Each structure stands twice: as structure tokens, then as C-alpha cells.
1. How many of the residues making up region 137-171 are out of contact with any helix residue (DSSP H, G or I) (no Cβ under 8 Å at 6 or more places or on another chain) and farther than 17 Å from residue 24 by Cβ?
2. When you look at residue 126, is it touching a helix residue (DSSP H, G or I) at 6+ places or on another chain (Cβ under 6 Å), surrounded by fewer than 19 Cβ atoms within 10 Å (Cβ to Cβ) and either closer than 30 Å to residue 218 by Cα or modelled with pLDDT of 95 or more (or both), yes or no?
3. What helices (runs of 4 or more DSSP H), lying completely within region 119-223, carry at least 1 residues that are touching a strand residue (DSSP E or B) at 6+ places or on another chain (Cβ under 8 Å)?
């Protein structure tokens, strides 16, 4: 079974996706981590910056994403992780700079094509819950169950600010709103696979819903 959960930044899709996968005993695929991993390796090891990472050398990308070197692993008790050349690099994927790099590199159609192929290969081996921005619209258009989570911009800014504070980063509400607006614009306006509501997806506005309420709404709708 394939369950996709799409939505904009801070809509709760990752939190809900992890919980749903654990309850169903499914494999959880956090697609954003694939982009974070690639962005980190491009910027740390190969000199790319926020100004250049949108257009990486695709031979280099293919070299990095070689499945003998780059792998995504999930365990319900240990969450999701990215390994490169046998080393767990997950702890390096936090922070605003890598997050921005991931968002920027994701606008590249060839990069998306490579990572879509990797996502489909992972799904071939498991029953999966997948969260992303084009999981139900592009990567898995024939998924059995599709959901699109959203919330008001103010609520998503509040959530994102709270996430940053948990990481020890102080962000004003105005800065959070500016970040959310920037990400929304980048995701919805990119030429390749822009953020959109997948055909057949159930839309859930969780502006006023607790996590468990969102989770229960999804569970009740599973076919």
C-alpha cells in the first residue's frame, strides 16, 4: 500500500506521517530528507552555495546518489536517517542554510527526476507512508490513498517558529511569516512539479486541529 501526504511547509505532514507509519507498521519515507542530504553533500564537499546549488553538475549528482554510496534508512524506533559512504550524516541536515539549499536544489527538474526514481525504488520494497510536496501528484499518482494537509499561513509560521526555537534558534514571528511565504512561493511557482493538490486527494485543513485529530481523520479515510 502507498499512502501519500503532501502539503506546504509546517502543515504537519512529517509529524503525522511518522505517527501513521508507526501505527500501521509501514515504512516511512520523508522525501525532504533526500533533498537535505543531497544539498548538504553538494555544499559541504563540492563548494556549492545557495546561489549556485540550483544548477549542480548532474554527473556529480549521479555520483553522489549512487545507491552504493547514498542511502535512506527508516526504523520506527530510530526515525529516518541518511547514510553516505557508510556514515550517518543525519545530524548535519538541520539548520536554515541546508534547508534553504534543499528547497533550492529541489527546483531543478533533473534532480527531481533522480530522487523520484529513488523514492519509487524504496516504495517497491515496502508498504509506505510518504510525505512531500509532489508525492501524490507526480511521484505516486496511482497511490491508493492521497492526502493534502494545509493550514493558515499564520498557523504554519507559528509552528515553524516553534520548531526553530526547539533547535535553539531565535526567530521572530515576522521572520517566520517571511520564510513561510518564500517557501510557498518557491514550491508553488517552480517549473518542475509545483506544489499542488493531487488529483483524488483528501484535503485536510488542520489550522485548528491537534496532531491526534489530524491523524484520526486520515485513519478514518483510509481505503
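1. Total satisfying the criteria: 13.
2. Spelling it out, it is not the case that residue 126 is touching a helix residue (DSSP H, G or I) at 6+ places or on another chain (Cβ under 6 Å), surrounded by fewer than 19 Cβ atoms within 10 Å (Cβ to Cβ) and either closer than 30 Å to residue 218 by Cα or modelled with pLDDT of 95 or more (or both).
3. It comes to 211-221.
The values are calculated or read from the model by the stated rules, or taken from the named source; none is laboratory data. Quick caveat: nothing in here was measured; it's all calculated off a predicted structure. For neighbour counting, all protein chains shown are included, and Cβ atoms are generated from backbone atoms with ideal geometry for every residue, glycine included.
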